[in-house]
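The values are calculated or read from the model by the stated rules, or taken from the named source; none is laboratory data. Keep in mind that this is a model prediction, so the values were computed, not measured. Don't worry about glycine lacking a Cβ; one is built from the backbone with ideal geometry, like all the others, and counts go over all protein chains shown.
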């Protein structure tokens, strides 16, 4: 009886269970990553992709790991698309818009101005849609007309425009966009991370420019915003673009020339280059 017991104890467990014991955190994270990045991949497809990387796992093991992380099977995952995947899939055809406010000091006191802008998600190029102290539906409609102009509108070639739930984005404005071939995508309430590219531009222009001086008139504000946008496109390196410039100016052919500083707004914005 003891011998039989020992022989039964020596029987190796099922192959799948032996591999379960040796599963490591990196392998589990890899399975989860593959499933999240490829919502149409089922357990067998995931198993094949893992085999290509030298990991032999059973379908049930993959199923259990995904269930433990709250990830649904492929038929259910494939019915939806994550927001980050949507942005990546439509990059080049999608833009985002938002408004931010600036306090302007004039003889009557502080006046709050609203600045409307649009940013191209792929290139990070920015267009100022308008600046006003009295934003309303008609002003927004005119801005939408300018942005969708058939000859030089900033939204030419774009299919989607992300915007928040600001009341200024009225149904009339959204209808005008749709008539021009641009589908407005209204974000859920209190979801600034879904408009991260626009939010990042607001952070940049405030921190690098507008928070460092007080605009004394509407003209002063317009000059500051215009100067910053030129700096943003041609003189500011962007980490999201590999630390490159959006539209670099022609470089000097004299690689050994003296280094000079190009100032904007009295030195609030600086760019260093070699003199021609």
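General remarks:
- If you go through segment 33-54 and keep only what is assigned to a loop (DSSP other than H, G, I, E, B) and at pLDDT below 90, you end up with 38, 39, 40, 41, 42, 54.
- Residue within segment 86-105 that is touching a helix residue (DSSP H, G or I) at 6+ places or on another chain (Cβ under 8 Å), at pLDDT below 90 and either surrounded by 11 or more Cβ atoms within 10 Å (Cβ to Cβ) or in a loop (DSSP other than H, G, I, E, B) (or both) present: no
- Pairs with Cβ under 6 Å, 6+ apart, first in segment 141-156 and in contact (Cβ under 8 Å) with a residue 40 or more places away in the chain, second surrounded by 14 or more Cβ atoms within 10 Å (Cβ to Cβ) and in a helix (DSSP H, G or I): 154/147; 155/147
- Applying the condition of being surrounded by 21 or more Cβ atoms within 10 Å (Cβ to Cβ) and touching a residue at least 60 places away in the same chain (Cβ under 8 Å) to segment 116-125 and asking which residue is nearest to residue 242 (Cα to Cα) yields 121.
- Of all the residues in segment 159-201, those that are assigned to a helix (DSSP H, G or I) and under 22 Å from residue 132 (Cα atoms) number 10.
- One residue from 172, 224 being exposed (fewer than 15 other Cβ atoms within 10 Å of the Cβ), in contact with a helix residue (DSSP H, G or I) (Cβ under 7 Å, 6 or more places away or on another chain) and touching a residue at least 24 places away in the same chain (Cβ under 8 Å): 172
Every residue, every condition in (1) in contact with a strand residue (DSSP E or B) (Cβ under 8 Å, 6 or more places away or on another chain); (2) surrounded by fewer than 15 Cβ atoms within 10 Å (Cβ to Cβ), yes or no:
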site	(1), (2)
165	yes, yes
168	yes, no
191	no, yes
194	yes, no
202	yes, no
211	no, yes
217	yes, yes
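- Selection status of residue 29, assigned to a helix (DSSP H, G or I), under 28 Å from the mean Cα position of the chain (by Cα) and either at pLDDT below 65 or over 30 Å from residue 165 (Cα atoms) (or both): yes
- Subset of segment 227-250 (residues that are free of Cβ contacts under 8 Å to residues at least 40 places away in the same chain and part of a helix (DSSP H, G or I)): 230, 234, 239
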